[in-house]
Amino acid sequence: MKQLVLVGGGHAHVHVLAALASAPFAATQVTLVSPYSRQIYSGMLPGWIAGYYALEDCALALDALARRAGVRFVQTACTGLDLEARQVRCASGEAIAFDYLSIDSGPVADSGQLAGTEQHGLPVRPIEGFVAAWPGLLEKARQEGFRLAIVGDGAAAIELAFAMQTRFAAEGIKHGGLTLIGSNPQPLAGFPFLLRRKALKLLAAQGIAHLGRRRALALLPGRVQLDDGTALTADAVLVATGAAAPAWPAASSLATDEAGFIRVTPMLQSVSHPFVFAAGDVAAYADARPKSGVFAVRAGPPLAANLRAICQGQTLQAWQPQKRALYLLSTGLKYALAAWGGFSFSGAWVWRWKDSIDRRFIARFGS
């Protein structure tokens, strides 16, 4: 029997579990290692914050998916790899042997040089940590004059800002200000101009400020220190600055890019260790793509096919990620923005479209 270990319960590995449930890999025992028994679908997180979904509507039960697939589930975090001995080192102290390894553990919060994040900030990643902290933050927001800052002005930060403002308004919370801090002149850098302009109008309409051309240097008690020498007063600070690589892949001698993400071939194999595969945000694809759940989901079927092939001694197939991806961004109030290449559109119908796509994803893997 070959031993295949899946590290992480990301979007791509959900597809692998579904493939195993449909048709097990011949003569292969599979183990899933994840610190959480569920995967909270990031695309629906803003809707949960806004109050549109219950948390169970947004979560996939990894333990149940593993049982249906005949996969052993070990609830612990991977802390490193011994690639010579072919072992996964776990936070629990366990060492799990493998013949083949697949990594879809996701990124970590990119706090960069932002000092004080651990003491005074709330990172959006890991999502489980944010979800656990959200009720306390919502209660704190009821205090008179409460001021919230979000470090970051990309898609995740924008969606969080809109969702929180929607929730505050729904609960009659009159806070002292919600401010996005970003180094870009406008939020959503890299998105089409018309979409960025629409987002700015919606931010202004909902009373959300954008402090552009600023970089947060440090989080201090009650304030955010900025690179222009000023400070922004804040009673709570969310850190939504994008994806960073965990430290253990590079420390384990896997080939990584300059940011620490695992370099893979078009077959999704490690360029340095062909018995290791990676997909999702933790991977640096041969044909570079943005860190996005869109590409993680699309990588699932080819990853499952190639894991089956290598376990069964068959030929692997190259995967070419699509050049363009559809981005759907919730802006609260059941309204959303969409971008496809250089095109953009918006409306309540876009939110209904996004809601339908998200619910179908959960229904597909959660039943």
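Observations on the model:
- Of the residues making up segment 305-314, at least one is in contact (Cβ under 8 Å) with a residue 40 or more places away in the chain and either farther than 23 Å from Leu6 by Cα or outside any helix (DSSP H, G or I) (or both).
- Residue among Ala169, Ala157 that alone is in a helix (DSSP H, G or I), surrounded by fewer than 22 Cβ atoms within 10 Å (Cβ to Cβ) and modelled with pLDDT of 95 or more: Ala169
- Scanning segment 241-282 for residues that are in a strand (DSSP E or B) and not small (Gly, Ala, Ser) turns up Thr256, Ile262, Arg263, Val264, Gln269, Val276, Phe277.
- In segment 205-240, residue surrounded by the fewest Cβ atoms within 10 Å (Cβ to Cβ) [restricted to those that are without any contact (Cβ under 8 Å) to a residue 24 or more places away in the chain and in a loop (DSSP other than H, G, I, E, B)]: Gly229
- For segment 91-116, the set of residues classified as in contact with a Ser or Thr (Cβ under 8 Å, 6 or more places away or on another chain), surrounded by fewer than 17 Cβ atoms within 10 Å (Cβ to Cβ) and either modelled with pLDDT of 95 or more or part of a strand (DSSP E or B) (or both) consists of Ala91, Ser92, Glu94, listed by residue number.
- Taken as a whole, the condition of being surrounded by fewer than 18 Cβ atoms within 10 Å (Cβ to Cβ) and hydroxyl-bearing (Ser, Thr, Tyr) does not apply to Ser346.
- Enumeration of residues in segment 269-290 that are surrounded by fewer than 23 Cβ atoms within 10 Å (Cβ to Cβ) and in contact with a helix residue (DSSP H, G or I) (Cβ under 6 Å, 6 or more places away or on another chain): Arg289
- Whichever residue in segment 291-304 is over 24 Å from Gln314 (Cα atoms) and of a type outside the set (A, V, I, L, M) and, among such residues, is surrounded by the fewest Cβ atoms within 10 Å (Cβ to Cβ): Ser292
- The set of residues in segment 266-295 being farther than 17 Å from His11 by Cα and of a type in the set (A, V, I, L, M, F, W, C) consists of Met267, Val271, Phe275, Val276, Ala286, Ala288.
- Which listed residue, of Asp257, Asp227, is assigned by TED's automatic domain parsing to the domain that holds Gln143, of a type outside the set (A, V, I, L, M) and out of contact with any Gly (no Cβ under 6 Å at 6 or more places or on another chain): Asp227
- Residues that are out of contact with any Ser or Thr (no Cβ under 6 Å at 6 or more places or on another chain), of a type in the set (Gly, Ala, Ser), assigned to a loop (DSSP other than H, G, I, E, B) and farther than 30 Å from Gln29 by Cα within segment 315-367 comprise Ala325, Gly341, Gly342, listed in sequence order.
- First in segment 143-159 and assigned by TED's automatic domain parsing to the domain that holds Ala231, second anywhere and assigned to a helix (DSSP H, G or I) and of a type outside the set (S, T, N, Q), Cβ under 6 Å, 6 or more apart: Ile150/Ala157; Ile150/Ala161; Glu159/Pro46
- Consider segment 33-90 and keep the residues that are among the aromatic types (Phe, Trp, Tyr) and either outside any helix (DSSP H, G or I) or touching a strand residue (DSSP E or B) at 6+ places or on another chain (Cβ under 7 Å) (or both). The one that is farthest from Thr166 (Cα to Cα) is Phe73.
The values are calculated or read from the model by the stated rules, or taken from the named source; none is laboratory data. Because the structure is a prediction, the values reported are computed rather than measured. A quick note on method: Cβ atoms are made from the backbone with ideal geometry, for glycine too, and the neighbour counts reach across all protein chains shown.
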